[in-house]
Amino acid sequence: MSVQAQTLHDQLVRYTVAEMKRQQMTAIKADHYPGYAKPNQIGEFIPDAVGYFNCALVIVEAESSEGLLARHTEQQFSTFYNYARSNGGYFIVSVSNRDVQTAEALIRKICGQTTTVLIWSF
């Protein structure tokens, strides 16, 4: 990942945690974010953030433009989506405003039309 992509990714994680707190999610964990415990591994991957909203599991993965095009991203999305769905939770993809359409297309490709995958854009 390029330095620019990593910087954007880190900003998205910060924005994501702030939004999770704003929505009063509980038991928030965030990867590579000072002051937060690291989320547990799900399959082969560690999500960027997890928490609970009204007792429902929420898994969040932040992706830069570069990250959305990476091969492993499809595997991550599939793993996190299936885990959230099988546990009565939600999967959220956090992207920059300019990447919403790319994220939507990738989610449709992997998950089909679903109401358990949300996109947060910042």
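The values are calculated or read from the model by the stated rules, or taken from the named source; none is laboratory data. In this text the structure is predicted, and so the values were computed from the model without any measurement. Because the Cβ atoms are built from the backbone with ideal geometry, glycine has one as well, and the counts that use them run over all protein chains shown. These area figures cover heavy atoms from the full protein model, side chains too; ligands, DNA and RNA do not enter into them. Shrake-Rupley method; radii C 1.70, N 1.55, O 1.52, S 1.80 Å.
Using Cα springs under 10 Å in a Gaussian network model of the chain, which residue among Gln24, Gln11, Gln41 shows the largest mean-square fluctuation?
Gln41
When the chain is modelled as a GNM with alpha-carbon springs shorter than 10 Å, which of Tyr81, Tyr15, Tyr36 fluctuates the most?
So, out of Tyr81, Tyr15, Tyr36, the one fluctuating most is Tyr36.
If you compute P(r) over Cα pairs in 5 Å bins from 0, in percent for the structure shown, which of (i) 2, 7, 7, 9, 8, 9, 12, 14, 14, 9, 6, 3, 1; (ii) 2, 12, 24, 27, 22, 11, 2, 0; (iii) 2, 10, 13, 12, 10, 7, 5, 4, 5, 4, 4, 4, 4, 4, 3, 3, 3, 2, 1, 0 do you land on?
For P(r) over Cα pairs in 5 Å bins from 0, in percent, the calculated option is (ii).
Quick one: which of 94-104, 69-79 comes out on top by average Cβ neighbours within 10 Å, and what's the full order, highest first?
Listed from highest to lowest mean packing, they are 94-104, 69-79.
Determine the equivalent ellipsoid of the stretch 71-122 by diagonalising the alpha-carbon gyration tensor, then write out the semi-axes as square roots of 5 times the eigenvalues, largest first, rounded to whole Å.
17, 12, 10
Translational diffusion coefficient of the stretch 1-63 at 10 °C, 1.306 mPa s, Stokes-Einstein with Kirkwood Rh over Cα pairs, in µm²/s as a whole number.
Numbers: Rh = 11.9 Å.
D, rounded to a whole number, is 133 µm²/s.
Over the chain, with a Gaussian network built from C-alpha contacts below 10 Å, which listed residue (Gly88, Gly51, Gly67) shows the highest mean-square fluctuation?
Result for the chain, Cα springs under 10 Å: Gly88 fluctuates most.
Carbon and sulfur: what percent of the stretch 17-58's accessible surface (1.4 Å probe)?
Carbon-and-sulfur percentage of accessible area, whole number: 50.
Any chance you could run the full-extension gain for Gln23 through Asn54? It's 0.36 nm times the residue separation minus the Cα-Cα distance, nm to one decimal.
Length difference between fully extended and current span is 10.2 nm.
Taking only protein heavy atoms into account and a 1.4 Å probe, give the accessible area per residue of the chain in Å².
56
For the chain, what does -39500 (n - 2.57) per DSSP helix run (n ≥ 4), summed and divided by total residues, give at 222 nm, in deg cm²/dmol to the nearest 500? Display every interim value, and only then the final one.
Numbers: 4 runs with 52 residues, N = 122.
Taken over the chain, the calculation gives -13500 deg cm²/dmol.
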